[in-house]
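Worksheet for the structure shown next.
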Amino acid sequence: MKSPLLTLPGAVPAEGADEGVAAHYGDLFREQRALADGTGFVDLSHRGVVTVTGEDRLAWLHLLLTQHVSELPPGRATEALILSANGHIEHALYLVDDGERVWAHVEPGTQEALIAYLESMKFFYKVEVADRTDGIAVVHLPAGSIAEVPQGVAVRETPYGRDLFLPRAELEAYAEQAGPPAGILAYEALRVEQHRPRLGFETDHRTIPHELGWIGSAVHLQKGCYRGQETVARVQNLGKPPRRLVFLHLDGSEVHLPAPGTELRLADDGPDGRKVGFITTSARHHELGPVALALLKRNVAVDAALVAGDTAAAQEAVVEP
């Protein structure tokens, strides 16, 4: 879905998974600094929006999600996953309940598959699932923002800022008074700095929650059964995940960033060394320079120097080995 804010001055359309919103508005670092200072907003109107209504909504979602939501208070933000039977991550939901319905935003284009799964699991529960993407746009306000939130709009308040579920018809008017716009590249650079994984970026078909540090924030270890729970419990109690998320500082002398999927090798092994991981997201940060998130094999030493293609990389552990 193409955002009307792509008509704003300087807007350059994003590509790939974030197609439909602006990559930037002409000055990537200025936009990052504004967000870091708590000003401006990010157009996330390409993301899918799903609601669940009905008196059983929280009890029902509690049975399906990795997060404890049966007693979720109105207004409290949380995040949750849906796993396969083998414990691999299939969906990531960013939730809030407004007292009448649960609002969730999800990765662009994933809402249809999510809704199909939820519909298949309704059984006798008094719930209604709806795709609200056509009528609702997600807008992100950074932490510290004093921008006004329109009355009646559902809001997810997190340490990283507020996500607004704004009527799509009001998006252009809201943008006029919400401060300077920041593109998705600025938002992504700060996400990388904050070590926050993203479905479809840090995940592949075999990713389990432990690898990305999603235990606690999106996976509750003391709740009841859900699909994939046996894998979560087994890894938590008896073993370690095969891979771990790391934050990388990249050599700033290189002109080009290593693209997602770029193989990581030990620097000591040279260009023909064995693959020990791969880049998942890379970004240019306004203070840190070129940075990235990556998945490494668990047994790689935490102080090992790496190369991403031809680019030197120093790692910081996000998930401990």
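Assorted remarks:
- Normalised by the number of residues in the chain, the average gap of Cα pairs under 8 Å and 6 or more apart makes the relative contact order 19 percent.
- Radius of gyration and maximum dimension Dmax of the chain, Cα, Å: 20.0, 60
- Karplus (6.51, -1.76, 1.60) ³J(HN,Hα), θ = phi - 60°, over the stretch 47-55, in Hz, Gly and Pro reported as x: 6, x, 10, 10, 10, 10, 10, x, 5
- Taking only the C-alpha atoms of the stretch 168-226, the Rg (one decimal) and the largest Cα-Cα distance, Dmax (whole number), read 16.9, 46 Å.
- Ranked order, Leu264, Leu190 - accessible area, probe 1.4 Å, largest first: Leu190, Leu264
- Only Cα pairs under 8 Å and 6+ residues apart enter the sum, and on that basis the relative contact order of the stretch 62-202 stands at 17 percent.
- In this structure Thr231 has an accessible area near 20 Å², from a 1.4 Å probe over the protein heavy atoms.
- Stokes-Einstein D in µm²/s, Kirkwood radius over Cα pairs - the stretch 162-298 at 37 °C with 0.692 mPa s viscosity: 187
- log10 of Debye I(q)/I(0), alpha-carbon scatterers only, for the stretch 77-234 at 0.16, 0.18 Å⁻¹: -1.05, -1.30
- A crude spin-label estimate for the pair Asp269 and Glu254, with each label 7 Å from Cα along the Cβ direction, gives 1.7 nm.
- For the stretch 217-321, the Kirkwood radius over C-alpha pairs fed into Stokes-Einstein at 37 °C and 0.692 mPa s yields D = 219 µm² per second.
- A 1.4 Å probe run over the protein chains yields, for the stretch 191-316, 47 Å² of accessible area per residue, whole-number rounding.
- Charge tally in the Cβ shell below 14 Å around Leu166, where Lys, Arg are +1 and Asp, Glu are -1, Leu166 excluded: -3
- Taking Val50, Val276, Val291 in turn, the Gaussian network model of the chain (Cα-Cα springs below 10 Å) assigns the largest fluctuation to Val276.
- Accessible surface of the chain [probe 1.4 Å, protein heavy atoms]: carbon and sulfur percent: 50
- Karplus-derived 3J(HN,Hα), 6.51/-1.76/1.60, for each residue of the stretch 300-312, Hz, glycine and proline x: 6, 4, 5, 9, 5, 6, 10, 10, 10, x, 9, 9, 5
- Here the Karplus relation 6.51 cos²θ - 1.76 cosθ + 1.60, evaluated at θ = phi - 60°, turns the backbone of the stretch 150-158 into coupling constants of x, 4, x, 8, 5, 9, 9, 9, 10 Hz, with x for every Gly and Pro.
- By accessible area with a 1.4 Å probe, ligands and nucleic acids excluded, highest first: order of Lys223, Lys297, Lys2: Lys2, Lys297, Lys223
- Fraction of the pair-distance distribution of the stretch 1-148 above 19 Å, Cα-Cα pairs, percent: 58
- Calculated P(r) of the stretch 259-321 - Cα pairs past 19 Å, %: 24
- Percent breakdown of C-alpha pair distances by 5 Å bin, ordered from the shortest bin, for the stretch 11-78: 3, 13, 16, 14, 11, 11, 14, 12, 5, 1
- Placed amide H near Gly161: partners under 5 Å, 5+ positions off or other chain: Ala143
- Full-extension gain in nm, Ala304 to Leu6, via 0.36 nm per residue minus C-alpha separation: 103.0 nm
- Rg(Cα) / (2.2 N^0.38 Å) computed for the stretch 75-159, rounded to two decimals: 1.21
The values are calculated or read from the model by the stated rules, or taken from the named source; none is laboratory data. Only a predicted model underlies this, so the values are computations on that prediction, with no experimental measurement involved. With ideal geometry, Cβ positions are generated from the backbone for all residues, glycine too; neighbour counts draw on all protein chains shown. Accessible surface areas use protein heavy atoms only, side chains included; no ligands, DNA or RNA. Shrake-Rupley method; radii C 1.70, N 1.55, O 1.52, S 1.80 Å.
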